[in-house]
Structures are given as structure tokens and as C-alpha cells.
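What follows is a set of notes on a single structure, which appears directly below.
The values are calculated or read from the model by the stated rules, or taken from the named source; none is laboratory data. Keep in mind that this is a model prediction, so the values were computed, not measured. Neighbour counts are summed over all protein chains in view; Cβ atoms, including those assigned to glycine, are modelled from backbone coordinates with ideal geometry. Ligands, DNA and RNA are excluded from the accessible area calculation, which covers all protein heavy atoms including side chains. Shrake-Rupley method; radii C 1.70, N 1.55, O 1.52, S 1.80 Å.
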Amino acid sequence: MEISNQNTILITGGAGFIGSNLSEYFLGLGHKVVCLDNFSTGHRHNLKDVMENPNFKLIEGDIRNIEDCILAVEGVDYVLHQAALGSVPRSINDPITTNEVNVSGFLNMLVASKDAKVKRFVYAASSSTYGDSEGLPKVEDVIGKPLSPYAITKYVNELYAEIFSKTYGLETIGLRYFNVFGRKQDPDGAYAAVIPKFVKQLMSLESPVINGDGNYSRDFTYIDNVIQMNDLAINTHDQAAINIVYNTAFGDRNTLNDLVKYLKVYLSEFDPKIADVEIIYGVNRAGDIPHSLASIDKAKSLLGYNPKYSLQEGLKEAVSWYWNNLK
């Protein structure tokens, strides 16, 4: 990243999985980082390596509170908006709170960013926006109807960002994340993502439960590929690359059966007994998209995106991190 001058970057949801990784990365490049988090899903232990950094500032606040948003953007050059309530099942169980955070909170951050004249607003969009669109690979300008309240909120984010770009001149870039995984992703809780959840279960010699027959497929995306995209989104000077939404993925897909097979291989290097853990199959989950695969051509051509980590390469890194941090 260009650091000819020090920038101040606000990372909302900065104590979460993706946000804390972004915080460490940009601090490592010499920038100032402001973290806004209400710790509803983020964790203080994710910030233990940055809390003593003089360039790091933590604001405990909520994006649903406009005053917190205004305070957070003061003196900020760029916003990386990661704060959201993720999880399709959570949104089905509690659509009101999901909407309050993901839509009202998002709008608060847009308004605060516009008024503070930030240089650019980069935000976490979602592959769930593709909904019932069956075509593969997923191309940014071809979407279907949403399959969950969560998917609706993330699509509304894109619509609001486009309006703020056209109406107020706020530069925005949306990054449609595809099944991000990696270090610091929480393995616990009712809405834990599949990879850390399975890793923890296998480490405990417990049988993971796959929803369905295991043949649903995903474009699993390692955290360092996501960091690269956020870096590129901040740094691009090409006007043709701004006010656009990009798929943020590796550009390959693997089934859940593939995923568990790789996890057992890599984890059994630490404990051979893991290779013999039985896999259990359950019912399909409501709101799930059967298959997901991203076209990353737009990101490659307009941003110079070049993802370094495949699923297998990322899993090796992630498994090692979990083994050293969960044991």
C-alpha cells in the first residue's frame, strides 16, 4: 500500500474477525486506525495485539447511534465498513435487529461519512445478494431475488451506496465477500461460520454435522485475499474502478465434503485420531444457496486483484492458527 503520507482509517466492526485482521494490517503499514465496535459479535481479545499501538484508537459505540458514527469519522480519510450482523439463520430468527444494524446502521455511516467528507467509503457487501440466481460463475451485474432477510439488507446497502455516490459525490466501493475464513474467526455460538466450527469440533474429536448431503459448494475465500481487496479499494486512483461493487473471492468452488476432507487431512497432522472422526449429515438449512462461485474478472481488470490463497492453502494457515490458539 502507498504510505507516502499517513492516513487515518476507520474500521467499523474492527473487533470482529475481518475487522481485526484489517486493523492489524493497516497499522503494520504505518497508518492510524480507528476501530468502532459495540462488541455484540466482536471480541476484545481480537484486539490484544493492537491495543498498545499509539496509532490505534478504540471507540466503543454502535452504528445504530448516529452520534457514535459522527464521532468515529472525525478526522478520518477512509472508512472500511465491516460492522454488520451476519448469518442467514440469525436474520431468519430476528429480521428486525438484522435490519436495524445492517440497513439503518449502514445509512448512519454513509451520512456521517458524507458529512465528514471522507475520501472513500469501502464496505462489506455479500455474495448472498445473488439469491436465487442459478448461473455460475456469479457475475456482478446479474443477481436474483434474495433468499433471506440478511440478503435483502446487504442488497439494500449496495443501493444506498450507489445513491450516495450519485447524489452526494461520496466515493464508494462494495466488496461482495464470498465465505471468508481464516485466523480469528469465532468457532463458538449458534451462528458460528462452518470452517471454525468444524475445526473446533474435529480438534475435540467430535463429529461435525453437514447440512444436506455435503454437495453444496462454496467459493471459500481466505482472509488475506480479502485484505488485499480492501487495500486495492482504498488505493485505486482509476475513476472507472470507483463506485462499483466487486466480487471478493478466490474464483474456485469446493463442496462441503471437500472442505471436511481437507480439514481432516490437515488437522490429523497435529492429532492422527482426527482422521477417523465420523461425519454426520443433517437437513438442508433454510435460505442457503446451493452453489456459489465468483467471477473475479472485474476485480482483476479494474483493481489488479490477484488472490494468493486457494481454499487448501488458506486452510493450512487457518488450521495451524486454530491449533495454536484454541488448544
- Note on the structure: Counted residues in the range 226-239 being part of a helix (DSSP H, G or I) and either at pLDDT below 95 or in contact with a helix residue (DSSP H, G or I) (Cβ under 8 Å, 6 or more places away or on another chain) (or both) come to 7
- Note on the structure: The correct count of residues that are open to solvent by 40 Å² or more (accessible area, probe 1.4 Å), over 18 Å from the mean Cα position of the chain (by Cα) and not charged (D, E, K, R) in the range 164-187 is 3
- Message: Criterion first (farther than 20 Å from Gly174 by Cα and modelled with pLDDT under 95) does Pro95 satisfy it?
- Response: no
- Query: Is it the case that the range 68-86 has a residue that's modelled with pLDDT under 95 and either under 23 Å from Asp186 (Cβ atoms) or in a helix (DSSP H, G or I) (or both)?
  - Reply: yes
- Message: Looking for something open to solvent by less than 20 Å² (accessible area, probe 1.4 Å) and in contact with a His (Cβ under 7 Å, 6 or more places away or on another chain) - is there at least one such residue anywhere in the range 188-204?
- Response: no
- Query: If you go through the range 36-52 one residue at a time, do you hit one that is part of a helix (DSSP H, G or I) and among the β-branched types (Val, Ile, Thr)?
  - Reply: no
- Note on the structure: Here the residues within the range 26-74 that are at positive phi and of a type outside the set (Phe, Trp, Tyr) are Gly30
- Message: If Tyr216 satisfies all but one of (1) touching a residue at least 24 places away in the same chain (Cβ under 8 Å); (2) open to solvent by less than 40 Å² (accessible area, probe 1.4 Å); (3) not hydrophobic (A, V, I, L, M, F, W, C), what's the number of the condition it fails?
- Response: (2)
- Query: Counting just the residues of the range 266-302 that are modelled with pLDDT under 95 and farther than 27 Å from Gly251 by Cα, which one comes out surrounded by the most Cβ atoms within 10 Å (Cβ to Cβ)?
  - Reply: Gly282
- Task: Scan the range 62-92 for residues that are small (Gly, Ala, Ser), more than 16 Å from the chain's Cα centre (by Cα) and closer than 17 Å to Val122 by Cα and jot them down.
- Result: Ala72, Gly75
- Item | Any hit, the range 190-198, residues being at pLDDT below 95 and not aliphatic (A, V, I, L, M) | yes
- Message: The conditions are (1) in a loop (DSSP other than H, G, I, E, B); (2) under 22 Å from Gly287 (Cβ atoms); (3) among the polar types (S, T, N, Q), and Ser207 fails exactly one of them. Which is it?
- Response: (2)
- Message: Which numbered condition in (1) surrounded by 13 or more Cβ atoms within 10 Å (Cβ to Cβ); (2) under 19 Å from the mean Cα position of the chain (by Cα) is the only one that Lys308 fails?
- Response: (1)
- Is it true that some residue in the range 143-166 is among the small types (Gly, Ala, Ser), out of contact with any helix residue (DSSP H, G or I) (no Cβ under 8 Å at 6 or more places or on another chain) and free of Cβ contacts under 8 Å to residues at least 40 places away in the same chain? no
- Task: Within the range 104-163, track down each residue that is assigned to a loop (DSSP other than H, G, I, E, B), open to solvent by less than 30 Å² (accessible area, probe 1.4 Å) and more than 22 Å from Asn247 (Cβ to Cβ).
- Result: Val118
- Subset of the range 311-324, residues touching a residue at least 60 places away in the same chain (Cβ under 8 Å) and either open to solvent by less than 80 Å² (accessible area, probe 1.4 Å) or of a type in the set (Ser, Thr, Tyr) (or both), comes to Leu311, Gly314, Leu315, Ala318, Val319, Trp321, Tyr322, Trp323
- Query: If you check every pair at least six apart or on different chains, which have Cβ atoms under 7 Å apart with a residue in the range 96-114 that is within 15 Å of Leu36 (Cβ to Cβ) first and a residue that is assigned to a helix (DSSP H, G or I) and modelled with pLDDT under 95 second?
  - Reply: none
